[in-house]
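Student: Handing you this structure, nothing more for now.
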Amino acid sequence: MNRIDLHNSHAVNPTCAGARRPEAKVGAVGSTAGLLDHGGDDDGFGAIVLLHGLMGRGRTWRRQIPWLRDYGRVFTFDAAFHQGADRVGDPAAADLATERFVGDVAEILTWIDRGPAVLIGHSMGGLHAWCTAAEFPELVSALVVEDMAPDFRGRTTGTWQPWFASWPDRFADLGEAVAHFGPVAGRYFYEAFDDGRLHGSIPVWAALAEEWGGRDFWTQWDAVQAPSLLLEAEFSVTPPDQMERMAQRNRHATYLRVAGAGHLVHDDAPEVFRGAVEAFLSMQTGRAG
């Protein structure tokens, strides 16, 4: 497999990455800011787009990008309000709705313009992936959803506040982040931060999660027609049994519970994650893996 230096990744220029705009129903809700093209096998999938979780960033996928390049052209995307603290502003309620993020994903897939894409999403990114597949099936060929469920109703972020309050203004280095969050989450957050500082707004991030506590996304999941791989951590943050029920309700889905893994399955159990995703992608292309 190719092992290409991640420094070869480059930002997508909308003027050359596909000339057509999204359909009118997508709306002008987002932009290609935060979209990076990491290259890959042009004989594979036209686009494999990695969507990060809440408080994450595209670069938290850096350990998966090298082997995914063997399966197609790989892109990462920093979601709105995760592109740097100076880009947050004062968002309106509509800007925080899941539909806004789905519009953003649809827009970048249209800019990429390489045919239906494989979407691989962790947590929040998984939700955005399946909602995009439901709303814009012509843009999505397959899904990988990592540790995310459709129904968090009744849950709030109130218990997060003491945790947020314990964060320093800046983490001096990776070691300090690891000491604060643990080895897996510490690396995840530090990679997302800008020189140790938050790359967004805690109140905005909390508001994004609060939306999930007030609605469910079963209707969107049930509408997905693309082949889907569901990966649930043994020590999941999702409500019990929901991801398994997702597979039971949707004949296009395959479910795997990853023993011993926490919420960040792709970093906590990287070999299991890789094996499952490679097998799934190979099934979609008829490759032997």
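Student: Just for region 208-226: of the residues that are of a type in the set (G, A, S) and under 18 Å from the mean Cα position of the chain (by Cα), which one is surrounded by the fewest Cβ atoms within 10 Å (Cβ to Cβ)?
Tutor: By that ranking, first place goes to A209.
Student: Residue pairs, Cβ under 8 Å, 6 or more apart or interchain, first in region 41-61 and without any contact (Cβ under 8 Å) to a residue 60 or more places away in the chain, second polar (S, T, N, Q) and not in a loop (DSSP other than H, G, I, E, B). List them.
Tutor: G58/T76
For every residue, the table says whether it meets (1) basic (K, R); (2) touching a helix residue (DSSP H, G or I) at 6+ places or on another chain (Cβ under 8 Å); (3) surrounded by 14 or more Cβ atoms within 10 Å (Cβ to Cβ).
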position	(1), (2), (3)
R155	yes, yes, yes
G158	no, no, no
W167	no, yes, yes
R170	yes, no, no
H180	no, yes, yes
G186	no, yes, yes
E191	no, yes, yes
D195	no, no, no
L198	no, yes, yes
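Student: If a residue must be part of a loop (DSSP other than H, G, I, E, B) and either farther than 20 Å from R215 by Cβ or over 14 Å from the mean Cα position of the chain (by Cα) (or both), how many such residues does region 106-131 contain?
Tutor: 4
Yes or no, residue by residue, for (1) touching a Pro at 6+ places or on another chain (Cβ under 8 Å); (2) of a type in the set (G, A, S):
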{"position": "Y188", "(1), (2)": "no, no"}
{"position": "W205", "(1), (2)": "no, no"}
{"position": "G214", "(1), (2)": "no, yes"}
{"position": "L231", "(1), (2)": "no, no"}
{"position": "M246", "(1), (2)": "yes, no"}
{"position": "V258", "(1), (2)": "no, no"}
{"position": "E271", "(1), (2)": "no, no"}
{"position": "F280", "(1), (2)": "yes, no"}
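Student: Can you find a residue in region 83-96 that is of a type outside the set (D, E, K, R) and surrounded by 23 or more Cβ atoms within 10 Å (Cβ to Cβ)?
Tutor: No, region 83-96 contains no residue that is of a type outside the set (D, E, K, R) and surrounded by 23 or more Cβ atoms within 10 Å (Cβ to Cβ).
Student: Something else about it: If a residue must be in contact (Cβ under 8 Å) with a residue 40 or more places away in the chain, out of contact with any Gly (no Cβ under 9 Å at 6 or more places or on another chain) and part of a helix (DSSP H, G or I), how many such residues does region 63-94 contain?
Tutor: Total meeting the criteria: 2.
Student: Hey, can you tell me all the residues within region 42-61 that are assigned to a loop (DSSP other than H, G, I, E, B) and either under 12 Å from the mean Cα position of the chain (by Cα) or at pLDDT 95 or above (or both)?
Tutor: Answer for region 42-61, where residues must be assigned to a loop (DSSP other than H, G, I, E, B) and either under 12 Å from the mean Cα position of the chain (by Cα) or at pLDDT 95 or above (or both): H52, G53, L54, M55, G56, R57.
Student: Same structure again: Scan L229, L208 and give me the residue that is touching a Phe, Trp or Tyr at 6+ places or on another chain (Cβ under 9 Å), under 26 Å from S141 (Cβ atoms) and of a type in the set (A, V, I, L, M).
Tutor: L229
Student: So how many residues does region 227-253 have that are of a type in the set (S, T, N, Q) and surrounded by fewer than 16 Cβ atoms within 10 Å (Cβ to Cβ)?
Tutor: Residues meeting the conditions: 1.
The values are calculated or read from the model by the stated rules, or taken from the named source; none is laboratory data. All of these numbers come straight from a predicted model, not from anything done at the bench. Positions of Cβ are backbone-derived with ideal geometry, glycine not excepted, and every protein chain shown enters the neighbour counts.
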